[in-house]
């Protein structure tokens with residue numbers, strides 16, 4: 001099969017605009033913002049946390065606009081790495097596709113383990129084999145009925161996420177204004193006094209560490225490009241998502257993070273580093289509101305389950321699209337009755353790695369597996385922005401007008417994509433520096449922080465050698481026609 005041809009689009013287009021809009025609001029909110037912000041607050045402080053999330057959030061919005069422009073003009077299954085193949089090179093598209101598949105497969109494992117840790121908030125010695133089979137079965141059930149019911153479940157989860165984050169902001173405001181009788185802390189230990197006191201911890205290294213966390217927390221926003229391939233009106237929904245993302249970043253990221261710094265006093269200890277409790281729950285505990293803390297913890301488990309479900313969806317669709325191109329095993333390209341059944345089977349098989357936490361040295365093995373995903377988000381976002389820039393340059397090279405090719409244009413334009421690339425490159429550099437100069441008392445092995453970056457370049461270099469790919473597709477050879485995509489074999493006998 002020609003590797004520069006488009007992949008299969010025989011996935012069912014059943015996701016409605018209403019479902020897509022709610023998914024755009026909160027589908028990728030998971031452990032990154034609901035749990036990892038705890039250690040980030042302890043390491044970098046409230047000021048570093050807010051600044052880093054604002055900067056990365058701005059760049060993510062630019063990236064979503066770039067992806068919206070690409071998706072409206074070229075609606076294809078596989079989304080951003082399809083664009084990497086078309087606008088950068090087959091080798092880079094191959095590396096980005098597998099990078100994304102590996103990233104989200106292991107995010108499924110990560111989210112399962114995080115859900116286990118959250119349940120131990122109520123019962124510290126709760127065995128993993130009591131909990132994990134139920135969560136895995138739930139993920140199978142949500143994904144067993146196809147994209148339409150997956151989207152419907154995500155809508156329910158989205159409402160839960162919006163409720164818990166909005167409720168936290170309201171309760172935090174009441175705490176700051178001393179309207180919670182159970183909270184006996186003096187007013188000077190809360191609000192702006194607490195925020196300013198802990199604004200910038202551990203200096204520049206603390207800021208770099210938090211910047212790295214922000215990249216992880218926004219991960220998955222781009223999966224809307226994958227979801228659009230199974231939407232009834234893909235050319236309509238991506239521009240809508242681009243307009244929704246700024247609201248989502250402000251409402252569900254920045255405001256809760258700002259309020260968190262005003263009500264949660266935190267020190268860098270083992271409990272924080274383990275990631276076993278959400279800072280939202282910890283803030284309720286410090287305010288002597290254990291019942292609200294338990295309610296928040298329950299909804300947070302639902303929210304993390306949602307991210308695990310979204311990761312199953314993203315990784316299976318990415319694997320199917322890659323394999324449909326001939327860039328993966330043919331088995332995973334097959335679609336049965338509208339579902340990428342074999343890709344889903346692989347994802348659920350690997351999800352069983354979450355049981356590693358039971359074994360001796362399980363934490364060490366788990367951390368190294370998770371490190372495979374390190375840097376993935378920044379690479380994905382950089383690739384989307386580079387594709388957008390090269391699309392515009394190809395239009396100019398062929399002496400066409402933007403309106404001749406584009407159905408919708410990104411408001412930040414090509415300059416915005418350049419700014420976003422600079423921010424993301426800084427994020428990758430921050431990850432490396434923060435790993436070498438980690439302020440954590442028990443930092444992971446330095447090599448583990450480089451592993452994800454190494455994997456990307458191994459895939460890229462391997463394809464360059466074995467696939468005889470060009471380093472960069474010439475601008476005048478880039479295909480600007482939004483043509484129908486090639487079908488692959490579908491097995492309807494199941």
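The values are calculated or read from the model by the stated rules, or taken from the named source; none is laboratory data. Small disclaimer: the values here were computed from a predicted structure and weren't measured. No Cβ is skipped: glycine too gets one built from the backbone with ideal geometry, and neighbour counts run over all protein chains shown.
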**Prompt:** When residues of region 353-386 are filtered for being under 21 Å from the mean Cα position of the chain (by Cα), modelled with pLDDT under 85, in a helix (DSSP H, G or I) and surrounded by fewer than 24 Cβ atoms within 10 Å (Cβ to Cβ), how many remain?
**Reply:** 7
**Asked** Does any residue of region 185-193 turn out to be out of contact with any strand residue (DSSP E or B) (no Cβ under 7 Å at 6 or more places or on another chain), touching a residue at least 40 places away in the same chain (Cβ under 8 Å) and within 24 Å of residue 249 (Cα to Cα)?
**Response** yes
**Item:** Single condition residue 350 does not satisfy, out of (1) closer than 30 Å to residue 89 by Cβ; (2) touching a helix residue (DSSP H, G or I) at 6+ places or on another chain (Cβ under 6 Å); (3) surrounded by 17 or more Cβ atoms within 10 Å (Cβ to Cβ); (4) in contact (Cβ under 8 Å) with a residue 24 or more places away in the chain
**Value:** (3)
**Prompt:** What do you reckon, is residue 277 modelled with pLDDT under 85, more than 22 Å from residue 126 (Cα to Cα) and either over 17 Å from the mean Cα position of the chain (by Cα) or assigned to a helix (DSSP H, G or I) (or both)?
**Reply:** no
**Request:** Taking residue 158 as the residue in question, decide whether it is part of a helix (DSSP H, G or I), at pLDDT below 90 and in contact with a strand residue (DSSP E or B) (Cβ under 9 Å, 6 or more places away or on another chain).
**Result:** no
**Request:** Could you run through region 187-212 and say how many residues are closer than 30 Å to residue 452 by Cβ, in a helix (DSSP H, G or I) and touching a helix residue (DSSP H, G or I) at 6+ places or on another chain (Cβ under 9 Å)?
**Result:** 9
**Asked** Only one of 58, 94 is assigned to a helix (DSSP H, G or I), at pLDDT 90 or above and surrounded by fewer than 24 Cβ atoms within 10 Å (Cβ to Cβ); which?
**Response** 58
**Request:** Taking the options 113, 131, 108, 43, name whichever one is more than 19 Å from the chain's Cα centre (by Cα) and under 28 Å from residue 350 (Cα atoms).
**Result:** 131
**Asked** For region 32-41, does any single residue satisfy the condition of being surrounded by fewer than 24 Cβ atoms within 10 Å (Cβ to Cβ), at pLDDT 85 or above, in contact with a helix residue (DSSP H, G or I) (Cβ under 6 Å, 6 or more places away or on another chain) and assigned to a helix (DSSP H, G or I)?
**Response** no
**Where a residue in region 35-48 is on the phi > 0 side of the Ramachandran plot and its partner, wherever it lies, is outside any helix (DSSP H, G or I), with Cβ under 7 Å and at least six apart** = 45/198; 45/199; 45/200; 45/201
**Request:** Pull up region 388-443, narrow it to residues that are free of Cβ contacts under 8 Å to residues at least 60 places away in the same chain and not in a helix (DSSP H, G or I), then point me to the one that is nearest to the chain's Cα centre (by Cα).
**Result:** 443
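Yes or no, residue by residue, for (1) under 26 Å from residue 308 (Cα atoms); (2) modelled with pLDDT of 70 or more; (3) touching a strand residue (DSSP E or B) at 6+ places or on another chain (Cβ under 8 Å):
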site: 4; (1), (2), (3): no, no, no
site: 9; (1), (2), (3): yes, no, no
site: 28; (1), (2), (3): yes, no, no
site: 54; (1), (2), (3): yes, yes, no
site: 63; (1), (2), (3): yes, yes, no
site: 77; (1), (2), (3): yes, no, no
**Message:** Out of 465, 456, 436, 446, I need the residue that is buried (at least 18 other Cβ atoms within 10 Å of the Cβ) and either over 29 Å from residue 245 (Cβ atoms) or at pLDDT below 90 (or both). Which one?
**Reply:** 456
**Prompt:** In this structure, does residue 394 turn out to be under 19 Å from residue 94 (Cα atoms) and either touching a strand residue (DSSP E or B) at 6+ places or on another chain (Cβ under 7 Å) or modelled with pLDDT of 85 or more (or both)?
**Reply:** no
**Message:** I'm checking my understanding of the structure. Among residues of region 172-186 that are in contact with a helix residue (DSSP H, G or I) (Cβ under 8 Å, 6 or more places away or on another chain) and farther than 16 Å from residue 261 by Cβ, which one is modelled with the lowest pLDDT?
**Reply:** 183
**Request:** State whether the residues of region 81-90 include one that is within 30 Å of residue 403 (Cα to Cα), out of contact with any strand residue (DSSP E or B) (no Cβ under 9 Å at 6 or more places or on another chain) and modelled with pLDDT under 85.
**Result:** yes
